[in-house]
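Novice: Sharing a structure below in structure tokens format, with a few things to ask.
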Amino acid sequence: MTDNEFLALVENVYSFHTKRAPGIPIAVQMVLIAREKLGKVKMGAVAETQVCLSDAIQFLTGCTIGNKYLILLNKIGRYALTLYDRDTGRGYRVSVDIEKIDAEKMPETHKFFLRQRDPSLRKDNKARAESAKIIVDEFIACGRDIFTCQEIQMKNYAKPPVPSAAVCERCGESFLLEAESQKICRVCDGIDDYYSLVE
Ligand SMILES: [Zn+2]
């Protein structure tokens, strides 16, 4: 893929993500690497962080949170993804190799992955956009190769069974059961008590 074809693809993912996040070109390249290795199979995906990486996966592979072919393991927090064959569980994990990010040649990218960019970027949109552009330029200039790709076997890749539903004894809404013995939903139980009603 030429740099221009690559950048056109990146523009589409920016639109989907609704922000020109500097991680997106990097995430797009990671998906392309894993997809090329995997070939044409029915695939599943794992994202080890939420951020923009998961949107690049959803947009480019069709594996989404909604169809459950994207498993989000965002608590890991590594900038890495796995694409695998849904029939066999065999696949490829692509991660960012910080040792391939030369702090001299790719200073902004190096800071980005270590979260060492100037804290003022959080509030300054213009400076943030400039930083993002530098990261993308550095990435293209380095030949888009800052990754490690590992062949892996998924340990657990069966689609989870469809849970049965019940009507909550408190709120009266239908909900999906975590266990057959469950009588009330997680909101009424106080576990996911995330809102209060406005009178
Ligand atoms: Zn309830």
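Novice: Just wondering, is there one or more residues in segment 102-112 that are within 20 Å of Asp55 (Cβ to Cβ) and touching a helix residue (DSSP H, G or I) at 6+ places or on another chain (Cβ under 8 Å)? Explain how you work it out, then say what you get.
Specialist: Of all residues in segment 102-112, those within 20 Å of Asp55 (Cβ to Cβ) come to 109, 112.
Add one more test, that the residue is touching a helix residue (DSSP H, G or I) at 6+ places or on another chain (Cβ under 8 Å), and what stays is 109, 112.
Yes, that holds for at least one residue.
Novice: Let me ask something additional. Considering only segment 145-199, give the strands (runs of 3 or more DSSP E) lying wholly within it that have at least 1 residues that are within 13 Å of the ligand (Cβ to nearest atom).
Specialist: Output list reads 165-167, 174-176.
Novice: Right, next: Considering only segment 134-150, I want to know if a residue exists there that is touching a residue at least 60 places away in the same chain (Cβ under 8 Å) and of a type outside the set (A, V, I, L, M, F, W, C).
Specialist: yes
Novice: Does Gly62 count as open to solvent by less than 10 Å² (accessible area, probe 1.4 Å), assigned by TED's automatic domain parsing to the domain that holds Val46 and more than 23 Å from Phe113 (Cα to Cα)?
Specialist: No, not satisfied.
Novice: A further question on this structure: Could you pull out the residue among Gly143, Gly77 that is within 19 Å of Gln50 (Cα to Cα), loosely packed, with under 14 Cβ neighbours inside 10 Å and out of contact with any Phe, Trp or Tyr (no Cβ under 7 Å at 6 or more places or on another chain)?
Specialist: Gly77
Novice: A further question on this structure: Name the residues in segment 44-54 that are touching a helix residue (DSSP H, G or I) at 6+ places or on another chain (Cβ under 7 Å) and surrounded by fewer than 22 Cβ atoms within 10 Å (Cβ to Cβ), would you?
Specialist: Of everything in segment 44-54, just one residue is touching a helix residue (DSSP H, G or I) at 6+ places or on another chain (Cβ under 7 Å) and surrounded by fewer than 22 Cβ atoms within 10 Å (Cβ to Cβ), namely Val51.
Novice: Given the criterion surrounded by 17 or more Cβ atoms within 10 Å (Cβ to Cβ) and at pLDDT 90 or above, identify the matching residue among Glu169, Glu108, Glu104, Glu151.
Specialist: Going through Glu169, Glu108, Glu104, Glu151 in turn, just one is surrounded by 17 or more Cβ atoms within 10 Å (Cβ to Cβ) and at pLDDT 90 or above: Glu108.
The values are calculated or read from the model by the stated rules, or taken from the named source; none is laboratory data. A quick note: this is a predicted structure, and the numbers were derived from the prediction, not measured. We place every Cβ from the backbone using ideal geometry, glycine too, and count neighbours over all the protein chains shown. Areas reflect the complete protein model, heavy atoms only, side chains present, ligands, DNA and RNA absent. Shrake-Rupley method; radii C 1.70, N 1.55, O 1.52, S 1.80 Å.
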